[in-house]
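The values are calculated or read from the model by the stated rules, or taken from the named source; none is laboratory data. From a predicted model like this one, the values you see are computed outputs, not experimental measurements. Quick reminder, even Gly has a Cβ in these numbers, built from the backbone with ideal geometry, and neighbours come from all protein chains shown. Side chains are part of the model used for accessible areas, which takes the heavy atoms of the whole protein and leaves out ligands, DNA and RNA. Shrake-Rupley method; radii C 1.70, N 1.55, O 1.52, S 1.80 Å.
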Amino acid sequence: MSRPSRLQRQVLSLYRELLRAGRGKPGAEARVRAEFRQHASLPRSDVLRIEYLYRRGRRQLQLLRSGHAKAMGAFVRPQGPTEESSGAGASGAQPDDGGGLRNPLDSMGSPETPPDGR
């Protein structure tokens, strides 16, 4: 087996630093481990994505070390219907796509252009 590259050493160092920084914060260590496991299957040749994730991890490390962070969590989009929409007081009808409340994460893409192109 060959020696680890500089980028591999940097990523492993970031992993250790994130685990140390998140020691006293609830959910931090589990979140760090889950994030690294999620991206562990990236191909070694995908250097651009690895470098992007490395920079993102560095920013998260700065936030953890800043002293303002008390815990660590993640925003997760629900996979199916939630208990709120299927509660006992609900009429059973699903809201249509024409209006009403929407998930703010659904509009994260590019803004829609009007038909006249302006």
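If each residue of separation counts as 0.36 nm, what is the full-extension length gain between Leu42 and Tyr15 once their alpha-carbon separation is subtracted?
8.1 nm
Using a 1.4 Å probe on the protein heavy atoms, what percent of the accessible area of the stretch 3-82 belongs to carbon and sulfur?
Values: 3340 of 6180 Å².
Within the stretch 3-82, the accessible surface is 54 percent carbon and sulfur.
Could you run the Karplus curve 6.51 cos²θ - 1.76 cosθ + 1.60 with θ = phi - 60° over the stretch 21-36 and give me ³J(HN,Hα) per residue in whole Hz, x for Gly and Pro?
5, x, 4, x, 9, x, x, 5, 5, 5, 5, 4, 4, 5, 5, 5
Estimate the FRET efficiency between Arg49 and Lys70 by the formula 1/(1 + (r/R0)^6), using the beta-carbon distance for r and 35 Å for R0, to the nearest 0.05.
Rounded to the nearest 0.05, the efficiency is 0.70.
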